[in-house]
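Q: This is the structure, below, for whatever I ask next.
What follows draws every value from the coordinates through simple rules; no lab data is involved. The model shown is predicted, which means the values in this text are computed figures rather than measured ones. Note that each Cβ is placed from the backbone with ideal geometry, even for glycine, and that neighbours are counted across all protein chains shown.
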């Protein structure tokens with residue numbers, strides 16, 4: 001069964017985003033300015049939160065700035081699940097700190113708190129749970145653990161924008177949350193990310209840090225100006241979001257309800273079609289409460305199934321290679337659950353423009369492979 005290529009993921013951009021970018025180009029103020037300010041305000045309004053929002057150029061930058069704002073440094077350790085994108089680990093090591101790879105729960109693929117307890121040392125300063133495949137199931141246990149051991153929590157919510165936890169949108173409570181708006185996330189600004197927190201010091205440090213540490217430069221930029229006589233107290237980075245990126249993000253945010261309906265419809269269709277196939281296991285998620293950035297299954301003979309799908313012109317992926325198996329972050333201990341799950345997980349196409357005909361092709365190809 002071959003046909004047109006079915007893409008695993010893709011950006012979905014309309015005329016509205018293109019026109020918004022052209023308006024920014026016409027104004028000839030392309031850097032960080034009022035578009036970014038408005039995007040931050042609109043994110044805050046959408047989340048219905050009292051927390052502040054700081055937009056940056058990538059989700060990785062958001063994680064790095066959040067860690068820097070907590071003065072995480074050389075000699076410090078941060079607990080983080082091994083099954084995550086490399087960005088989580090790189091953000092930690094960029095501060096000079098050590099990412100400590102932790103096991104995952106085999107059903108939710110969320111950080112395993114029993115193993116986290118085993119990895120705790122006197123040098124542990126923070127924990128970075130990852131909202132794998134947009135799910136925040138398990139956060140209550142993380143915060144109880146953090147409170148008991150006096151740790152800061154940086155939620156890697158890169159995939160979870162628009163998702164809910166305990167009936168509220170992710171980003172309405174917690175310590176520090178970091179979102180991503182890259183090209184294939186739930187909403188995109190081309191590239192981009194955001195830090196969300198009610199810790200005023202973290203917000204101020206992040207605002208300054210994205211602009212090379214220049215104090216209070218954010219307010220100047222929003223007024224179309226820049227600082228000339230300023231002070232710098234902390235290491236900063238060139239991590240600010242541009243007006244071009246924010247213009248795209250603002251238009252995408254207007255479509256978030258439609259995006260939620262479509263992605264939830266895709267996932268519901270997959271779950272119904274695949275749930276009775278013995279060789280397939282659906283993850284233990286509350287899918288009705290999340291906007292799935294990716295749809296991941298556990299599959300018997302995963303590699304062979306993946307090859308079969310690719311031969312049928314269906315893109316699929318593996319999210320992710322465990323970081324503790326990478327040369328830079330290789331551990332002297334095994335994470336048996338993570339390593340086993342890594343051999344089973346497969347990501348199926350789940351993007352806004354996926355239609356029923358193409359989704360049926362994916363499902364039928366899987367059924368053909370298992371002779372169902």
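Q: Using the alpha-carbon atoms, what tilt in degrees (0 to 90, nearest 10) does helix 243-254 show relative to the longest principal axis of the chain?
A: That works out to roughly 50 degrees.
Q: Based on the alpha-carbon gyration tensor of the range 225-372 and its eigenvalue square roots a ≥ b ≥ c, which shape applies: rounded if a/c is under 1.5, prolate if not and a/b is larger than b/c, or oblate?
A: Values: a/c = 2.75, a/b = 1.48, b/c = 1.86.
Taking the square roots of the gyration eigenvalues as a ≥ b ≥ c, the range 225-372 is oblate.
Q: Can you give the angle from 0 to 90° between the axis of helix 34-47 and the longest principal axis of the chain, with both taken from C-alpha atoms, to the nearest 10?
A: With both axes taken from Cα atoms, the answer is about 50 degrees.
Q: Once you order the gyration tensor axes a ≥ b ≥ c over the Cα atoms, which shape class does the range 311-363 get: rounded for a/c under 1.5, otherwise prolate or oblate by comparing a/b with b/c?
A: Numbers: a/c = 3.69, a/b = 2.99, b/c = 1.24.
In terms of gyration-tensor shape, prolate.
Q: Rank by packing, highest mean first: peptides 329-335, 114-120, 172-178, with packing defined as the count of other Cβ atoms within 10 Å averaged across residues. Don't jump to the answer; show the numbers that get you there.
A: On the way: 329-335: 13.3, 114-120: 16.4, 172-178: 23.4.
Result, highest mean Cβ count within 10 Å first: 172-178, 114-120, 329-335.
Q: From the helices alone, meaning DSSP H stretches of at least four residues, give me the mean residue ellipticity at 222 nm for the chain, per-run term -39500 (n - 2.57), in deg cm²/dmol to the nearest 500.
A: Details: 13 runs with 143 residues, N = 372.
The helix-only estimate for the chain comes to -11500 deg cm²/dmol at 222 nm.
Q: Sticking with this one: How long is the gain from residue 364 to residue 264 if the chain were fully straight, where each residue apart is worth 0.36 nm and the alpha carbon distance is subtracted?
A: On the way: separation 100, 0.36 × 100 = 36.00 nm, distance 2.00 nm.
Extra length available between residue 364 and residue 264 comes to 34.0 nm.
Q: If one computes the Cα centroid of the range 275-318 and of the range 83-132, what distance in Å separates the two points?
A: One Cα centre to the other: 24 Å.
Q: Order of 356, 44 from fewest to most other C-beta atoms within 10 Å?
A: Arranged by neighbour count, lowest to highest, 356, 44 become 356, 44.
Q: Another one. Can you tell me which of 241-251, 138-148 comes out highest on packing, and rank the rest after it, using the mean Cβ neighbours within 10 Å? Spell out each step's value before the answer.
A: Values: 241-251: 25.1, 138-148: 16.1.
Ranked from most to least packed, the peptides come out as 241-251, 138-148.
Q: For a quick size check, give me the Cα extents of the range 193-258 along its three principal axes, largest first, whole Å.
A: Each principal axis gives a Cα extent; for the range 193-258 these are 44, 27, 17 Å.
Q: Which of rounded, prolate or oblate describes the chain when judged by the alpha-carbon gyration tensor and an a/c cut-off of 1.5?
A: Values: a/c = 2.07, a/b = 1.26, b/c = 1.64.
Since a/c reaches 1.5 but b/c is at least a/b, the shape of the chain is classed as oblate.
Q: Moving to a separate point now. Say R0 is 30 Å: what FRET efficiency, to the nearest 0.05, do residue 254 and residue 232 get from their beta-carbon distance? It would help to have the intermediate numbers written out before the result.
A: On the way: r = 37 Å, r/R0 = 1.22.
Computed FRET efficiency for residue 254 and residue 232: 0.25.
Q: Hey, another quick one. Report the full-extension gain for the segment residue 11 to residue 42: residue separation times 0.36 nm, less the Cα-Cα distance, to one decimal in nm.
A: Separation in residues times 0.36 nm, less the Cα-Cα distance, equals 9.1 nm.
Q: Next question, about the same structure. Specify the angular offset, from 0 to 90 degrees and rounded to the nearest 10, of the alpha carbon long axis of helix 139-149 from the longest principal axis of the alpha carbons in the chain.
A: Tilt relative to the chain: about 50 degrees.
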